[in-house]
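Comments concern the structure below.
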Amino acid sequence: MPDWNDLKLAAELVVVTLQEKKGFIMKNLQITAYTQHFIRQQVMPGDICIDATMGNGNDTALLSRLAGEKGHVIAFDIQKQALEHTAERLLKDGCPENYQLFLDSHENMMNYAKPDTVSCITFNLGYLPGGDHSIATKADSSKKAVEAGLRLLKKGGLMTLCIYSGGDTGFQERDAMLDFIRQLDPHKYLVIQSEYANRPNDPPIPVLIIKL
């Protein structure tokens, strides 16, 4: 018998939309939509979650709604603009007041949660959409943040990474992060790296890490 959930997801991935004056084109499936599919399956009411790169608050809002009133969401960014945008987004979306927004680097997340307690951690590596492209995540701090996040994850916990590269950010962070995750102990972590095989111009790379 077919798995209808898988068939439904497959159908969603090939949605075709009509855009004015542009005819029929294939809808761009954003990397964040891909990783959020797995986040929705992972996070349960009452969970502790971390948005390691707050940005405009998209993942923070999703985690807040999924964790519910009894859950707790911790979010980080080094730009005040990101905190302001996220706070506005959370209020606009009517999210439960279960979150804390910190103007701090994600590499310091060990100061805000206890090891083996977190259900889900999300990363979007690159720069703030609509923000200053000269301010972006860096290989060294991102690696330290992922290492800290892996210690915070509980067994069965999920970490998602959306790794952007090229353009203003170059490839150093991408290459360093991919090298790092490929060396994780396979007895402790399951690492799934996907790719847009036929999309040009250095497409982003989605990665899932599950703590075993």
### Query
How big is the charge dipole of the range 40-91 about its Cα centre, in debye rounded to the nearest 20, if each Lys and Arg gets +1 on its Cβ and each Asp and Glu gets -1 on its Cβ?
120
### Task
Give me the distance between the Cα centres of the range 196-212 and the range 29-96, rounded to whole Å.
20
### Of K70/K114; K80/K114; K138/K188; K92/K211, pairs whose Cα-Cα distance is over 29 Å
K92/K211
### Query
Going highest first, how would you order 193-205, 144-156, 104-116, 52-64 by mean Cβ packing within 10 Å?
52-64, 144-156, 104-116, 193-205
### Query
Roughly how large, in nm² to one decimal, is the mean projection of the convex hull of the alpha-carbon atoms in the range 148-212?
4.7
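Each reported figure results from applying straightforward, stated rules to the coordinates on display, with no laboratory input. The shown structure was predicted, so the numbers you read here are calculated from the model rather than taken from an experiment. Glycine gets a Cβ as well: all are built from the backbone with ideal geometry, and neighbour counts include every protein chain shown.
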